[in-house]
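See structure below.
Any read-out appearing in this document is the output of simple, stated calculations on the displayed coordinates, not a laboratory observation. Please read all numbers here as calculations on a predicted model, not as lab measurements. Ideal geometry is used to build each Cβ from the backbone, glycine not excepted, and the neighbour counts take in all protein chains shown.
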There are 2 protein chains.
Amino acid sequence: MPIQSFEDLLLHELKDLYDAEHQIVKALPKMAKTVYSSELKAAFEDHLDQSQQHIRRLEQVFETLNKKPARETCEAMKGLIAEGDETMQEKMDGLLKDAALIAAAQRVEHYEMAGYGTVRTFANLLGYHEASQLLQMTLDEEEQTDKLLSQIANGVNVAAMEEVAAPRK
Amino acid sequence: MPIQSFEDLLLHELKDLYDAEHQIVKALPKMAKTVYSSELKAAFEDHLDQSQQHIRRLEQVFETLNKKPARETCEAMKGLIAEGDETMQEKMDGLLKDAALIAAAQRVEHYEMAGYGTVRTFANLLGYHEASQLLQMTLDEEEQTDKLLSQIANGVNVAAMEEVAAPRK
């Protein structure tokens, strides 16, 4: 679809995020299953529920614009998830892998923060205030998830360092 | 290389960022050449200089750890840059393309913010304070670049909307 107006550009960006969220929903159960820390497992499971809600919220956004929800392959998210997959397949201590998976997940969150920041701004400029508010809600939640992952990392990183220095019997 | 310690994980993440910065340095001249807004062009050119400095700074970090600088393919950055390439190839109004390229560039900045945040934290935990300080400097600069892009977007977005409504003769 050619991009001929600012609204086309907004739609293009929304389709990218709609695809990205679907990719995340597919990847998260595997990540939650892989991790060692129960706190991190719960965070990934909660974020799965949240991402499913973000998909529904994007569908609401498309609806407010009188458009059908559609996906456009998000190449960046494919790369981000490929990196996470590589990490999951590495042979390494469980807590060390948790630290690596938090790093991968925070990159995903940052992608979403940049993406939702852009569409929120575009929707606002175009006067689509309902859409803008919905997108701001998701942006806020992505930022909270990123902060939560940083908090969990504090504990996991220290535990991983101690664990590697004195491994479980 | 197997990841058996927290230091191995730090090195793995540093190699990912070292590769990412090289990919960015390769991509930016094309982006600077493509854009319509002179302000955005200058921002991309400045960020090219900055990214070259980030490469040198990563080399200093490897040095403080007594390791040789090395790259490990950053799949996520490949995806991010592929998205930017797609945008550059789209047939669209110059200012509209600028708005799309800012969106792509902010996703790149966010990847780097997440990545440098992680290695700064890891280096700090491991007691590599010089490395941690160097990485914090780069993190601060990535955050500043992201803010600058948001500022430029304010002007570009409005100009793009007006332009599309009343195109240049």
Choice from A:E90, A:E112, A:E39 with maximal GNM fluctuation in chain A (Cα, 10 Å cutoff): A:E90
Candidates A:L134, A:L40, A:L28: whichever shows maximal mean-square fluctuation once chain A is modelled as a Gaussian network with Cα springs under 10 Å: A:L134
Top of B:N157, B:N124, B:N66 by mean-square fluctuation, Gaussian network on chain B, Cα under 10 Å: B:N66
Ratio Rg/Rh [Cα only; Rh per Kirkwood] for region A:114-169: 1.38
Per-copy distances of the B:K33 label point, shortest first, in nm (7 angstrom along Cα→Cβ): 4.7
Calculated label separations, A:Q52, copies of the chain, 7 Å along the beta-carbon direction, nm: 5.1
All aspartates and glutamates inside 17 Å of B:K67 as judged from Cα atoms, apart from same-chain residues fewer than 8 positions distant: B:E7, B:D8, B:E13, B:D16, B:D19, B:E59, B:E130
If the convex hull is drawn through the Cα atoms of the protein assembly as shown, its volume per residue in Å³: 116 Å³
Cross-link pairs A:K26/A:K91; A:K15/B:K91; A:K33/A:K68; A:K15/A:K97; B:K33/B:K78 - those with Cα-Cα distance over 24 Å: A:K33/A:K68; A:K15/A:K97
Mean shadow area of region B:8-106, taken as a quarter of the surface of its Cα convex hull (nm²): 6.2 nm²
Farthest positive-ward along chain A dipole, Cα basis, beta-carbon charges - from A:M137, A:A159, A:Y36: A:Y36
Closest Cβ on chain B to the rotation axis that carries it onto A (distance rounded to whole Å): B:G79, 1
Kirkwood-type radius of chain B, with distances r between different C-alpha atoms, in Å: 16.8 Å
Cα coordinate range in region A:68-144, projected on the principal axes (Å, largest first): 51, 26, 16
Region A:13-37 and region B:1-42: distance between their alpha carbon centers, rounded to Å: 23 Å
Region B:32-71: proportion of alpha-carbon pairs further apart than 14 angstrom, %: 57 percent
Using alpha-carbon coordinates, inclination of helix A:6-34 to the longest axis of chain A, degrees: 20 degrees
Shielding by other protein chains, A:113-121, mean Cβ within 10 Å: 5
Cβ-placed point charges (K, R +1; D, E -1), dipole of region B:33-169 about Cα centre in debye, nearest 20: 240 debye
Between helix A:129-165 and chain A: long-axis angle, C-alpha atoms, 0 to 90°, nearest 10: 10 degrees
Helix A:75-89 vs. chain A, principal-axis angle (Cα, 0 to 90°, nearest 10): 10 degrees
Label point 7 Å beyond Cα along the C-beta direction, distances from A:S150 to other copies (nm, shortest first): 1.4
Mean Cα-pair separation over length for region B:1-102, i.e. relative contact order, pairs under 8 Å, 6 or more apart, %: 36 percent
Distance between region B:86-155 and region A:87-138 - C-alpha centres, whole angstrom: 14 Å
Approximate spin-label separation B:A42-A:K67, in nm, with each point projected 7 Å along Cα-to-Cβ: 3.3 nm
Normalised contact order of region B:34-153, rounded percent, pairs of Cα under 8 Å and 6 or more residues apart: 33 percent
